[in-house]
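Q: Shown below is the structure under consideration.
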């Protein structure tokens, strides 16, 4: 079996350490130095990642959020929504469809 390709789209979450605000001469401003940045996947994307890991299926993860603009446009024009799994040259879109395809592989 060839390596599957999984398209997901992460979202950045910025969390501050402490209050994240500083006061200078009566003005309050947000402090970017104390912020930590994390990437988070929507629940459907994360569930598909977990399912593929549990099934021990090798896959290449493509995060659409990290692609250059032209590649984002190309994926959008080719009908890729997240999550999308490309397996054996077949495009499987959506959590429920991916679950069905993985069940078929198991049997």
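The values are calculated or read from the model by the stated rules, or taken from the named source; none is laboratory data. Computed from a predicted model, the values in this text were never measured in an experiment. Glycine also receives a Cβ, built like all others from the backbone with ideal geometry; neighbour counts cover every protein chain displayed.
Q: Need a quick list: helices (runs of 4 or more DSSP H) entirely within the chain having at least 1 residues that are in contact with a strand residue (DSSP E or B) (Cβ under 8 Å, 6 or more places away or on another chain) and modelled with pLDDT of 95 or more.
A: 43-54, 95-106
Q: Condition first: more than 17 Å from the chain's Cα centre (by Cα) and surrounded by 15 or more Cβ atoms within 10 Å (Cβ to Cβ). Now tell me which residues in the range 87-100 satisfy that.
A: Of everything in the range 87-100, just one residue is more than 17 Å from the chain's Cα centre (by Cα) and surrounded by 15 or more Cβ atoms within 10 Å (Cβ to Cβ), namely 87.
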